[in-house]
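Peer 1: Quick one: this structure, given as structure tokens, is what I'll be asking you about.
Every read-out reported here was derived from the displayed coordinates using simple, explicitly stated rules and does not represent laboratory data. Remember, predicted model here, so these are calculated numbers, not experimental data. Glycine also receives a Cβ, built like all others from the backbone with ideal geometry; neighbour counts cover every protein chain displayed.
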Amino acid sequence: MGQLIGETGNSGNTTEPHLHLHAERDGVGLDLRFTGMAGRLYRGRAIRAFP
């Protein structure tokens with residue numbers, strides 16, 4: 001299937017594991033596009049992995 005792009009973790013002052021994503025090319029930030037998800041992405045939305 002896809003390529004591993006990150007792992008969740010819990011460091012610093014957090015209450016649960018989480019993942020931050022940032023993409024850039026030549027120092028310029030890139031938009032990220034997710035497929036196979038219903039609804040919009042927004043701050044605080046929980047995304048569940050499927051088997």
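Peer 1: Quick one: Karplus J couplings for the range 36-48, per residue in order, coefficients 6.51, -1.76, 1.60, θ = phi - 60°, nearest Hz, x for Gly and Pro?
Peer 2: Rounded to whole hertz, the list is x, 10, 8, x, 8, 8, 7, 4, x, 6, 8, 10, 9.
Peer 1: A further question follows. Quick check for me: using +1 on Lys/Arg Cβ and -1 on Asp/Glu Cβ, what's the dipole size of the chain about its Cα centre, in debye to the nearest 20? Don't skip to the end; give the middle numbers.
Peer 2: Working: 6 positive and 5 negative charges, 58 e Å.
Dipole magnitude for the chain comes out near 280 debye.
Peer 1: Another question, then. Here are some values of Rg and Dmax of the Cα atoms in Å: (1) 13.9, 50; (2) 10.4, 32; (3) 13.1, 35. Which one was computed from this structure?
Peer 2: Computed from the coordinates, Rg and Dmax of the Cα atoms in Å corresponds to (3).
Peer 1: Another one. What list of ³J(HN,Hα) values in whole Hz, one per residue of the range 12-24 in order, does the Karplus curve 6.51 cos²θ - 1.76 cosθ + 1.60 (θ = phi - 60°) give from phi, with Gly and Pro shown as x?
Peer 2: Values per residue, Gly and Pro as x: x, 9, 10, 9, 7, x, 7, 10, 9, 10, 8, 10, 8 Hz.
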